[in-house]
Amino acid sequence: MIEDFNVNLMFEDQHHERHKFKVTAKGMDFRGIMHKGEINWFHPYPHRHFEEEDVQVIETRVHELFNDGTISG
């Protein structure tokens, strides 16, 4: 379901360091921040465009991409 995934570091080496990401799903771009294992979505929210089951698939895949060892969130 995820077509593209990009991560950028915000506030590097500061107390408020966060991983900002962009995910493309079904041709739509969604952005969010991963912090302490929790996804905080920016507007537009995927919940407004997809059924809850699809949102769960997207969020699960985002967590997998962060947890595969190459990105720490």
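The values are calculated or read from the model by the stated rules, or taken from the named source; none is laboratory data. What you see is a predicted model, and the numbers here were worked out from it, not measured in a lab. Cβ placement follows ideal geometry from the backbone for every residue including glycine, while neighbour counts extend to all protein chains displayed. The protein model used for the area step is the full one, side chains on, heavy atoms only, and it has no ligands, DNA or RNA in it. Shrake-Rupley method; radii C 1.70, N 1.55, O 1.52, S 1.80 Å.
With the structure loaded, tell me whether Asp54 is surrounded by fewer than 16 Cβ atoms within 10 Å (Cβ to Cβ) and assigned to a strand (DSSP E or B) or whether it fails that test. When the stated conditions are applied, Asp54 does not pass them. Checking each residue in region 1-18 for being assigned to a loop (DSSP other than H, G, I, E, B) and surrounded by 11 or more Cβ atoms within 10 Å (Cβ to Cβ) picks out Met1, Glu17.
Annotation: of all residues in region 19-47 being more than 13 Å from Ile58 (Cα to Cα), among the hydrophobic types (A, V, I, L, M, F, W, C) and part of a strand (DSSP E or B), the one that is most open to solvent (accessible area, probe 1.4 Å) is Ile33. For region 58-73, filtered to residues that are loosely packed, with under 14 Cβ neighbours inside 10 Å and assigned to a helix (DSSP H, G or I), the residue that is modelled with the lowest pLDDT is Asn67. Taking every residue in region 40-67 that is in contact (Cβ under 8 Å) with a residue 24 or more places away in the chain and pairing it with any residue that is among the charged types (D, E, K, R) and surrounded by fewer than 12 Cβ atoms within 10 Å (Cβ to Cβ), at least 6 positions away or on another chain, yields no pair with a Cβ-Cβ distance below 7 Å.
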